Amino acid sequence: MISVTSPLQGKRIVLGVTGGVAAFKACFLARELQRQGATVQVVMTEAATHFIGPASFQALTGQPVYVDQWDARVPNNMAHIDLSRGADLILIAPASADIMAKLAQGLAPDLLTTLCLARECPLALAPAMNRQMWAHPATQRNAAQLQKDGVLLLGPGDGEQACGETGDGRMWEPEDIVEALQSYFTPKSLAGKRTLITAGPTFEPIDPVRGITNHSSGKMGFALAQACARAGAKVTLIAGPVSLPTPAGALRIDVMSAQQMNDAVHAVLDESSARFDLFIAVAAVADWGVANPSIEKIKKSSADDNGPSLQFKQNPDILASVAKRSDHPFCVGFAAESESLAANAHAKRARKGIPLLVANYGPQTFGRDDNELLVVDDLGQEKHLARASKTLLARQLVELIAQAMNRC
Ligand code: CTP
């Protein structure tokens with residue numbers, strides 16, 4: 001059964017907040033975790049309350065916030081057991097040098113450290129401190145010890161610090177922490193799989209300033225690159241001209257024309273020290289390129305009233321050529337069709353010589369954030385994926401691809 005929600009949906013997260021300027025970022029973090037479907041229980045250290053009030057977190061999470069180990073609201077005085085009971089994760093963000101030292105030593109002088117010591121769930125820390133505190137041998141020793149103890153360290157990053165200095169020690173941005181947790185909670189169905197993905201449109205030059213392209217936004221391909229990386233794949237993403245951010249963990253190669261995309265794909269496959277396991281061709285590749293592009297900009301005066309005459313040449317079919325390689329990975333194609341979706345999808349899958357093809361009614365979906373898909377395979381099976389965000393569809397596709405790869 002394919003999960004249709006965020007990997008954080010339904011997760012119970014205890015968000016620990018310690019004393020540091022970055023404590024304000026924990027508000028955004030709490031909100032983002034909830035947006036992903038998690039429930040958030042905030043526990044603060046006393047020092048944290050000097051930076052931000054418990055009322056802010058209470059308002060954001062709709063849950064009472066705990067600071068004191070002897071809080072009278074916990075009838076059995078067992079806050080350290082009650083608060084983390086059934087939790088999927090304790091996340092401390094920001095995590096100060098002080099709490100890292102205490103946790104590394106197994107000390108439990110307050111509620112948050114006691115919760116960590118008494119927990120049954122994983123613990124993640126997003127360190128935040130001045131760069132010298134982070135670089136201090138004691139902090140480095142503590143960080144190493146915590147990792148040895150199985151604690152997940154998210155960061156720190158480098159950059160400008162509240163103290164005016166620049167360096168390592170800055171807390172990761174809330175969206176980066178959420179991304180890391182989404183990865184953490186995603187089943188590793190593509191663990192270690194070398195995966196190559198094409199995405200976006202291509203751009204066929206007419207002259208140095210003009211060209212022919214299409215409406216592909218690259219959103220589906222980028223969402224798949226992200227979903228594959230979260231599922232444990234080693235992702236190389238070859239992208240046509242789009243301005244989307246590179247998904248965390250993916251290695252990106254930017255190209256313009258179909259020929260460049262083709263050359264980049266085969267170069268990656270040729271130069272790899274080990275065979276690629278999976279190729280997903282999501283790009284909307286131009287079938288024809290201009291055979292006679294002008295080196296100089298074509299001047300209006302140089303053409304008659306009908307405009308310049310362009311000749312076209314057929315571009316290589318990247319997907320079909322990868323499928324024909326002797327070292328071919330498991331190939332997945334996409335098809336945007338304007339009619340007879342299922343029939344065209346089956347025919348195209350067979351024509352390209354690939355085991356799996358994902359079809360959709362293309363012209364209406366270009367640029368949108370959602371879609372509806374039909375997946376057809378070499379056993380003649382069809383699987384309909386109902387309308388959903390491209391992010392969610394990407395996760396569903398990863399599961400289907402992993403299942404199909406396993407039966408090959
Ligand atoms: N594709 C490719 N190289 C091309 C054209 C298409 O790799 N030159 C890939 C696309 O990335 C997609 C699949 O082939 O995964 C199907 O693309 P599509 O344009 O629908 O297929 P065509 O073979 O061009 O068929 P049609 O005549 O329907 O355009």
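The values are calculated or read from the model by the stated rules, or taken from the named source; none is laboratory data. Note that the structure is a prediction, hence the values are computed from the model and not measured. FYI the Cβ positions are ideal-geometry reconstructions off the backbone, even for glycines, and counts take in every protein chain you see. These area figures cover heavy atoms from the full protein model, side chains too; ligands, DNA and RNA do not enter into them. Shrake-Rupley method; radii C 1.70, N 1.55, O 1.52, S 1.80 Å.
Tabulated data for the structure shown
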read-out	value
Residues (within 12 Å of the ligand (Cβ to nearest atom) and under 23 Å from the mean Cα position of the chain (by Cα)) located in segment 357-370	357, 358, 359, 360
Selected residue (criterion: surrounded by the fewest Cβ atoms within 10 Å (Cβ to Cβ)) from residues of segment 327-353 that are more than 12 Å from the ligand (Cβ to nearest atom) and within 25 Å of residue 218 (Cβ to Cβ)	328
Residue 347 closer than 28 Å to residue 263 by Cα, modelled with pLDDT of 95 or more and in a helix (DSSP H, G or I)	yes
First in segment 358-373 and not assigned by TED's automatic domain parsing to the domain that holds residue 201 and modelled with pLDDT under 90, second anywhere and part of a loop (DSSP other than H, G, I, E, B) and surrounded by fewer than 13 Cβ atoms within 10 Å (Cβ to Cβ), Cβ under 8 Å, 6 or more apart	none
Odd one out for residue 263, checked against (1) touching a residue at least 24 places away in the same chain (Cβ under 8 Å); (2) within 13 Å of the ligand (Cβ to nearest atom); (3) closer than 23 Å to residue 205 by Cβ	(1)
Test: residue 126 is among the small types (Gly, Ala, Ser), in contact (Cβ under 8 Å) with a residue 12 or more places away in the chain and buried (at least 22 other Cβ atoms within 10 Å of the Cβ)	yes
Hey, residue 236 out of contact with any Gly (no Cβ under 9 Å at 6 or more places or on another chain) and under 21 Å from residue 325 (Cβ atoms) or not	yes
Qualifying position, being in contact with a Lys or Arg (Cβ under 9 Å, 6 or more places away or on another chain), within 12 Å of the ligand (Cβ to nearest atom) and either modelled with pLDDT under 95 or under 27 Å from residue 310 (Cα atoms) (or both), among 240, 289	289
Out of 321, 326, 309, 338, sole residue that is touching a residue at least 40 places away in the same chain (Cβ under 8 Å) and polar (S, T, N, Q)	321
Subset tally (residues that are surrounded by fewer than 16 Cβ atoms within 10 Å (Cβ to Cβ), part of a helix (DSSP H, G or I) and either away from the ligand (no atom under 12 Å from the Cβ) or not polar (S, T, N, Q) (or both)) for segment 312-326	2
Residue among 169, 200 that is under 24 Å from residue 368 (Cα atoms) and buried (at least 24 other Cβ atoms within 10 Å of the Cβ)	200
Enumerated strands (runs of 3 or more DSSP E) restricted to segment 1-105, each holding at least 2 residues that are farther than 15 Å from residue 124 by Cβ	39-44
Within segment 233-243, tally of residues that are open to solvent by less than 50 Å² (accessible area, probe 1.4 Å) and under 15 Å from residue 201 (Cα atoms)	5
Residue 284 vs. criteria within 12 Å of the ligand (Cβ to nearest atom), within 17 Å of residue 220 (Cα to Cα), crowded, with 16+ Cβ neighbours inside 10 Å and touching a residue at least 12 places away in the same chain (Cβ under 8 Å)	yes
Given (1) out of contact with any Ser or Thr (no Cβ under 8 Å at 6 or more places or on another chain); (2) open to solvent by 50 Å² or more (accessible area, probe 1.4 Å), number of the condition residue 107 does not satisfy	(1)
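Conditions (1) over 30 Å from residue 207 (Cα atoms); (2) assigned to a loop (DSSP other than H, G, I, E, B); (3) over 24 Å from the mean Cα position of the chain (by Cα), marked per residue:
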{"site": "306", "(1), (2), (3)": "no, yes, yes"}
{"site": "310", "(1), (2), (3)": "no, yes, yes"}
{"site": "328", "(1), (2), (3)": "yes, yes, yes"}
{"site": "331", "(1), (2), (3)": "yes, no, no"}
{"site": "339", "(1), (2), (3)": "yes, yes, yes"}
{"site": "354", "(1), (2), (3)": "yes, yes, yes"}
{"site": "373", "(1), (2), (3)": "yes, no, no"}
{"site": "379", "(1), (2), (3)": "yes, yes, yes"}
{"site": "392", "(1), (2), (3)": "yes, no, no"}
